[in-house]
1. Could you sort the peptides B:199-205, B:64-70 by per-residue average Cβ neighbour count (10 Å cutoff), highest mean leading?
2. Using the Karplus equation 6.51 cos²θ - 1.76 cosθ + 1.60 (θ = phi - 60°), what ³J(HN,Hα) coupling, rounded to whole Hz, does each residue of region B:223-235 give in order, writing x for Gly and Pro?
3. As an exercise, identify the chymotrypsin sites (Phe, Trp or Tyr not before Pro) in region B:107-136 lying in DSSP coil whose Cβ has no more than 11 other Cβ atoms within 10 Å.
4. For region B:21-120, state which GluC sites (Glu not before Pro) are in a DSSP loop and have at most 14 other beta carbons lying within 10 Å of their beta carbon.
5. So for the pair B:Lys54, B:Ala179, with labels modelled 7 Å out along Cα→Cβ, what separation do we get in nm?
6. Is the shape of region B:99-235 best called rounded, prolate or oblate, per the rule: a/c under 1.5 gives rounded, else a/b larger than b/c gives prolate, else oblate, with a ≥ b ≥ c the square roots of the Cα gyration tensor eigenvalues?
7. Give the average, rounded to an integer, of partner chain Cβ atoms located within 10 angstrom of each Cβ in B:224-234.
8. Short version: ³J(HN,Hα) in whole Hz for each residue of region B:198-214, in order, from phi by Karplus 6.51 cos²θ - 1.76 cosθ + 1.60 (θ = phi - 60°), x for Gly and Pro, what are they?
Amino acid sequence: MRALFLVLALVACGDNTKPTPATPDDAPVVEPDAPPGALAPCLDQPTDLPRPPGTQLTCDLLPPGFSVPR
Amino acid sequence: MQRVTLAAFAAVTVFSGLAIAHPTVASGPGFANKGSQKITFGLAHGCDGADTIKIKVDIPTTVTSIRALYSDFGRPTITRDPNNANPQTNVRSIEWVKGDTELDEDFAFYEFTLRGRIADVPFTKILFTVTQTCKVPNASPTTVVWDQPPESTVGEPAPVLNVVPQRVAGWNKFVLTTAVAAEDVPLYFADAQIVWRGTEAFSPNSNTRAMIQGTTGVTELTTDLAVGDEIWVKY
């Protein structure tokens with residue numbers, strides 16, 4: 001009985017050590033239908049801290065549906 | 001020769017004085033097709049050192065549903081078009097007259113406000129003709145009429161209300177119903193983050209403008225906007 005309880009507890013808890021896929025902090029998340037490497041609007045990342053921009057337009061300043069090959 | 005030089009200097013001095021002193025719309029741009037908007041006129045100067053004792057603002061046909069606010073001068077009075085029985089559209093002018101005596105010098109700043117509805121005329125400029133009356137103690141009143149467009153080289157410039165479309169925070173798509181000259185783009189998009197037409201972009205922010213210049217495949221928006229152009233604007 002004790003062994004059965006132990007098995008059930010393990011099944012219920014699952015594997016919490018498995019890493020979730022994550023985007024690198026410095027990479028913008030672009031719209032899923034944009035070609036790879038394209039300049040495209042990004043999805044909102046409300047948990048990101050605001051940072052000063054670089055020399056190129058950031059994806060949040062690109063309008064919806066915009067895509068220009070780099 | 002010396003007389004000519006002095007005359008030119010005097011002309012420049014007088015012209016500069018008037019240019020600084022002209023009444024302005026101090027409340028910022030108006031929104032097209034929107035009611036209950038306050039439009040405030042700022043009057044920084046009187047006339048050649050004389051204090052202002054009266055001001056009359058003529059109401060253009062593109063501003064309706066007029067309500068006049070009390071000012072430092074006290075109660076407003078309005079004039080209606082006798083041939084128009086509709087109170088929403090028949091106010092032709094508002095006048096404010098100072099209740100007490102004029103100041104000894106011209107040092108006061110006055111504001112006059114009306115509330116009204118602006119017609120659906122985005123990306124246009126509405127001119128208000130203003131008649132200003134001034135007086136110094138123990139002298140006759142003088143009157144200045146401010147009724148000329150900003151680019152005029154004669155007369156006195158009227159206050160201008162820049163009309164922009166209604167918008168929300170974030171991305172807004174507009175299809176232009178009127179052309180916008182390239183030199184007016186900064187005027188109408190002064191508070192935008194960025195404006196796009198295709199792969200051309202404009203921003204009033206110099207840092208964003210530098211990024212526009214540094215981004216491959218993107219060019220600066222420097223030409224006139226035409227009727228039918230579709231633009232994306234982020235506020």
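Read the figures in this text as sums done on the coordinates, not as results from a lab. Since we're looking at a predicted model, the values are computed, not measured. All Cβ positions, even for glycine, are placed from backbone atoms using ideal geometry, and neighbour counts span all protein chains on display.
1. B:199-205, B:64-70
2. Couplings: 10, 4, 8, 9, 4, x, 4, 9, 10, 10, 10, 9, 10 Hz.
3. B:Phe107, B:Phe109
4. In loop regions of region B:21-120 (DSSP not H, G, I, E or B), the sparsely surrounded GluC sites (Glu not before Pro) are B:Glu105.
5. 4.3
6. prolate
7. Mean inter-chain Cβ contacts per residue within 10 Å come to 1.
8. x, 9, 9, 9, 9, 9, x, 8, 5, 5, 5, 5, 5, 5, 4, 5, x
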